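Presented below is the structure to which this report refers.
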Amino acid sequence: MIRFGLFGAGFIGSAHARNIGQRDDCQLATIFDPVADGAIRLANETGARVAPTIQDVLNHDIDAIIIASSTPSHADLLRATTRTGIPVLCEKPIHLDMDEVLGTVRECLKTQTLVKLGFNRRFDPEHAMLKDHVASGRAGILETMSLISRGPTPPPISYIKTSGGFFRDTMIHFFDLACWIADELPQEIYALGSCMVDPNIAKAGDVDTAIAVLKMPSGALITIDNSRRTDYGYDERIEAFCSKQLIQSSLQPRHHLMITSKQGRLSAGPHAGWFERMEPTYKAELEGFIRGIKGKTGVGASLVDGVRAQLLAEAAEKSQQTGQPVRPEWEKLELLVS
Amino acid sequence: MNRIALVGAGRMAKVHVLALRAAGAHLTIVCDIIEEAAKKLALETGARFTTSIDEAVSHPDVDAVIIATPSDTHVEYILKAVAAGKAVMCEKPIAPALSDAQRCVDELGDKAEQVFLAFNRRFDAGHSTLKRGVKAGEIGALEQLTITSRDPFPPPLDYIPRSGGLFRDMMIHDFDMARWILDEEPVRLFAEGSSIVDPEIGKLGDIDTAVVTMLTASGKQAVILNSRRAVYGYDQRVEAFGAKGMLLSDNAPRNGVRKYSSALSGAPEPFRAFFLERYGESYRIEIETFLNCVAGGLPMPVNALDGLRAAYLAEAATDSLKLGSPLALNQDCKVTWK
């Protein structure tokens, strides 16, 4: 029985708690949230106990930790938890400030504690199959790839102001997916950004519609297309164009009923929101994390993957602001070791 | 008003002959510098034949001249036909060299808008439906446009050195489509490309894989993806994403057959072989449109100015790739060098 300690009783924390509850091989033991009400509510739902402090969680008899608290707390929690040696699954991002990210990851790596970063889209079944298929070589060599994520609606402006910007907040998932599928890191990134959805987003210093192009050393070209808003639900897909095959992780209708009439052959649109679309990935991610704890093959993103994705986000933002292509600062990865 | 002089008796001329027949037009005379070719086509169609461009364009029983000859003859023939007072439709490009295309448009003056430029993809049922939908506001304000164009195989290697390069030879159609659907000139363009399909193409100084991004003054973003080789077939797609929805003009299958078996499930023939098959109908509708405009004295929906601007975008892409840098464009799609 794997006993979990959970930091954060909010939306994502609750999702993790539910997934733990649905499994026979694990149990939510203790929860901490600075907002006591949240922790109490979730504890009542799950039978876990409420931890009065962070340290209380770490002192508790637990086998694994999930960090699903607010972004500013991630770095400190990562340091504190990895010092204990207990395996950790931490939601992205590590921190919004690159120097903090590097310092935190450097410290965590020294402890050699198992840490997985919450890039949950790696666990989407179709995305994972696409990755495996490309990795197998059956599709030939990757030549171009498009990753699209749009909508459905932008978060509140109050969130946008503290999100770290569209590239660190949203596109970061797709930087991770792109590098994971391509199995190489871009030598250059170029990003276009516009404010098309809500002028308040521009006033907050951000963009809501963006395209990034990643130039890979192999010659492969990868485009990422993100928008904060669609009219038709949440649109996420990946297309890998390879020398022998085209592999598509397609736009998924939220159900498969079709109605044909004079209006045409109509089918359901995509899921209403990103969570509806991605909910199964949290279960699969937990499964992957547990397998990692049990010593089986590691799946899921590492802290270093998190650093890579964030270095790309930094470069993308710089490119969007300057209008020029930018070389990501991969040399900073060397700061993580030594 | 539909008596035609067809200049050129090669492959494209034969396509136009079929379209003219379907439109009920009368082919008066066929002109080709190779007498045998002109004579053969004339015999098949019941038209007269000549090797003289002057005779063809000044013929009294001709209302309109269609030019389907090698591109280095287009400027001379356009100017002669216009000077002879005939309506003119000319295959793209206006000229292999941009300076000649500019010279042609300059000499035509206000008549440039009356010369129909054969960007036939505008007349594809899917693409034109998409354009109509965008223009009618069906998807709200346009925000992102993605055009994917992949050929089933590259041209012969001995063609590449005189092709003008991928942007002028292949992407020219997509530049025209982008301008047409965006309904706004781009102000910035960045071209990225690789030779990863066939290194021999790279050795000839060309690319076979390209991604071009463009930005308009209002913030609209366009991406054009080209590949010289999609093993699975001729892949042509346009995706328009707006504030109120998305329109996709997808590939039309060769047939509607689907198969289900333990060995494989899906559509065995989802693509048509190449441009003549895929865009066959568009040539017919293009000619019909041209003839209607001639008969009704209507403005040409796609004209020499469009041809020139697409050529400037191809030039900008060629330069952008060489420099490794995005380029700013003015309202005529010309690069503004700082």
| request: Count, for each residue of B:236-244, the Cβ atoms from other chains sitting within 10 Å of its Cβ, then give me the mean as a whole number. | output: 3
| request: Can you tell me the FRET efficiency between A:GLU276 and B:GLU107 if r is taken as the Cβ-Cβ distance and R0 is 60 Å, rounded to the nearest 0.05? | output: 0.50
| query | Using Cα atoms only, what is the angle between the long axis of helix A:98-111 and the major principal axis of chain A, expressed in degrees (0 to 90) to the nearest 10? | reply | 50 degrees
| remark: Where a ≥ b ≥ c are root eigenvalues of the Cα gyration tensor, a/c under 1.5 meaning rounded, otherwise prolate if a/b exceeds b/c and oblate otherwise, the protein assembly as shown counts as prolate
| query | When a footprinting reagent is the concern and you count Cβ atoms within 10 Å, what order do B:ILE67, A:ILE259 take, fewest first? | reply | A:ILE259, B:ILE67
| request: Using DSSP, restrict attention to beta bridges with both residues in the protein assembly as shown and report what percent are antiparallel, rounded to the nearest 5. | output: 55 percent
| query | Angle between the Cα long axis of helix A:274-293 and the longest principal axis of chain A, 0 to 90 degrees, nearest 10? | reply | 50 degrees
| remark: Rounded to the nearest 500, the 222 nm mean residue ellipticity computed for chain B from DSSP H runs (n ≥ 4, each -39500 (n - 2.57)) alone is -10500 deg cm²/dmol
| said: On a full-extension model of 0.36 nm per residue, what is the gain between A:SER243 and A:VAL304, subtracting their alpha-carbon distance, rounded to one decimal in nm? | reply: 19.0 nm
| message | Can you sort B:PHE175, A:PHE289 from fewest to most other Cβ atoms within 10 Å of each residue's own Cβ? | response | A:PHE289, B:PHE175
| query | Under the definition of Cα pairs under 8 Å and six or more residues apart, what whole-number percent is the relative contact order of region B:264-338? | reply | 18 percent
| remark: The FRET efficiency for B:TYR232 and A:ARG41, from their Cβ-Cβ distance with R0 = 51 Å and rounded to 0.05, is 0.45
| field | Percent RCO, i.e. relative contact order, over chain B, from Cα pairs under 8 Å lying at least 6 residues apart | value | 20 percent
| query | Of the listed peptides A:190-200, A:70-80, what is their order by residue-averaged count of other C-beta atoms within 10 Å, with the highest listed first? | reply | A:190-200, A:70-80
| task | Return the calculated 222 nm mean residue ellipticity for chain A, to the nearest 500 deg cm²/dmol, obtained by summing -39500 (n - 2.57) across DSSP H runs with n ≥ 4 and dividing by the residue count. | result | -11500 deg cm²/dmol
| From phi via Karplus (6.51, -1.76, 1.60), per-residue ³J(HN,Hα) for region B:100-114 in Hz, x at Gly/Pro | 6, 4, 5, 4, 4, 5, 4, 5, 5, x, 5, 6, 4, 6, 8
| message | Is the C-alpha gyration tensor of region A:260-338 telling us rounded, prolate or oblate? Criteria: a/c under 1.5 is rounded; beyond that, a/b larger than b/c is prolate, otherwise oblate. | response | oblate
| task | Could you calculate the contour length gain from B:LEU157 to B:LEU264, that is, 0.36 nm times the residue separation minus the distance between their Cα atoms, to one decimal place in nm? | result | 35.0 nm
| query | Let a ≥ b ≥ c be the square roots of the eigenvalues of the Cα gyration tensor of region B:111-186; is it rounded (a/c under 1.5), or, if not, prolate (a/b larger than b/c) or oblate? | reply | prolate
| If one takes the longest principal axis of the Cα atoms in chain A, at what angle in degrees, from 0 to 90 and to the nearest 10, does the Cα axis of helix A:125-136 lie? | 70 degrees
| query | Relative contact order, percent, of chain A when contacts are C-alpha pairs under 8 Å separated by at least 6 residues? | reply | 18 percent
| task | Take peptide A:259-270, look around each residue's Cβ out to 10 angstrom, count Cβ atoms belonging to other protein chains, and average those counts. | result | 0
| task | Using the structure shown, select from A:LYS92/A:LYS131; A:LYS244/B:LYS244; B:LYS14/B:LYS80; B:LYS39/B:LYS86; A:LYS131/A:LYS332 the pairs with a Cα to Cα distance greater than 25 angstrom. | result | A:LYS244/B:LYS244; A:LYS131/A:LYS332
| request: Work out the FRET efficiency for B:GLU138 and A:LYS294 from their Cβ-Cβ distance, taking R0 = 35 Å, and round it to the nearest 0.05. | output: 0.10
| message | Take B:ALA273 and A:ASP56, extend 7 Å from each Cα along the Cα→Cβ direction, and tell me the distance between the two endpoints in nm. | response | 7.6 nm
| Within region B:55-164, which chymotrypsin sites (Phe, Trp or Tyr not before Pro) sit in a loop by DSSP and count at most 12 neighbouring Cβ atoms inside 10 Å? | B:TYR159
| query | Across the residues of A:228-240, average count of Cβ atoms on other protein chains within 10 Å? | reply | 2
| Residues with beta-carbon under 10 Å from that of B:THR69, excluding B:THR69: net charge, scoring Lys, Arg +1 and Asp, Glu -1? | -4
| Taking other Cβ within 10 Å of each residue's Cβ, how do A:HIS271, B:HIS16, A:HIS133 sort, fewest first? | A:HIS133, A:HIS271, B:HIS16
| request: Identify the trypsin sites (Lys or Arg not before Pro) of region A:104-152 meeting these criteria: DSSP loop state and at most 13 other C-beta atoms within 10 Å of the C-beta. | output: A:ARG138
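Readers should treat all values here as calculations from the given coordinates under stated rules, not as data from a laboratory. Just so you know, these numbers come straight off a predicted model, no measurement behind them. A quick note on method: Cβ atoms are made from the backbone with ideal geometry, for glycine too, and the neighbour counts reach across all protein chains shown.
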